[in-house]
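Okay, so here's the structure we're looking at.
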Amino acid sequence: SAGKAYRSPQIIMDNLSALAGNRVWNVTNLGISYPFALNMEEANTFGLAFVNNMRWFHRNATWTVDAFYTNFKNQIVADYETRGEFHLYNLEGRSYSKAIQTDLTFSPIKRTEFRFAYRWLDSKTTYRGM
């Protein structure tokens, strides 16, 4: 699958945990007409999914593998790096996310199901253009 997404940032709801701290909120104003002076977020994502239904020890089992790559062209960066301050600004640089997940679902007896899963995630974001 592949897709392109746009999202209007909801900076307060997206960062509720930042309200619990005693940090000063700084939103970089770029003279943009969007709410809170931040551009809409934009991302491209590509992925594959593999699902295999099978019989295992005479019972139903499902094995799933998902792999996705997301490239953010514009993203709201929540920057906690400065002591006592919380900065929100539009991405200046590169940001991406790679995710691979696999899981095995197995029902050894009636009305009982076991699920074993593993996820690998690699996410990178540029802070302040660095």
| message | Tell me yes or no: at least one residue of the stretch 8-20 is open to solvent by 80 Å² or more (accessible area, probe 1.4 Å) and either in contact with a Gly (Cβ under 9 Å, 6 or more places away or on another chain) or small (Gly, Ala, Ser) (or both). | response | yes
| request: Please enumerate the residues belonging to the stretch 76-130 that are among the aliphatic types (A, V, I, L, M), outside any strand (DSSP E or B) and surrounded by 10 or more Cβ atoms within 10 Å (Cβ to Cβ). | output: Leu91
| message | Tell me whether the stretch 29-49 contains one or more residues that are open to solvent by 40 Å² or more (accessible area, probe 1.4 Å), farther than 21 Å from Tyr127 by Cβ and of a type in the set (Phe, Trp, Tyr). | response | yes
| query | On the given criteria, is Asn71 open to solvent by 30 Å² or more (accessible area, probe 1.4 Å), part of a strand (DSSP E or B) and modelled with pLDDT under 95? | reply | no
| What are the pairs, 6+ residues apart or on separate chains, where a residue within the stretch 1-27 that is in a loop (DSSP other than H, G, I, E, B) has its Cβ under 9 Å from a residue that is modelled with pLDDT of 85 or more and among the acidic types (Asp, Glu)? | Ser8/Glu41; Pro9/Glu41; Arg23/Glu85
| query | When both residues are 6+ apart or on different chains and their Cβ atoms are under 6 Å apart, which pairs have a first residue that lies in the stretch 42-56 and is farther than 30 Å from Tyr89 by Cα and at pLDDT 95 or above, and a second that is open to solvent by 60 Å² or more (accessible area, probe 1.4 Å) and of a type in the set (A, V, I, L, M, F, W, C)? | reply | Asn52/Trp63
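The values are calculated or read from the model by the stated rules, or taken from the named source; none is laboratory data. Predicted model, so just to flag it, every value in this text is computed and none were measured. All Cβ positions, glycine included, derive from the backbone under ideal geometry; neighbour counts span all protein chains shown. For the accessible areas, the whole protein counts, side chains as well, though only heavy atoms, and no ligand, DNA or RNA atoms are used. Shrake-Rupley method; radii C 1.70, N 1.55, O 1.52, S 1.80 Å.
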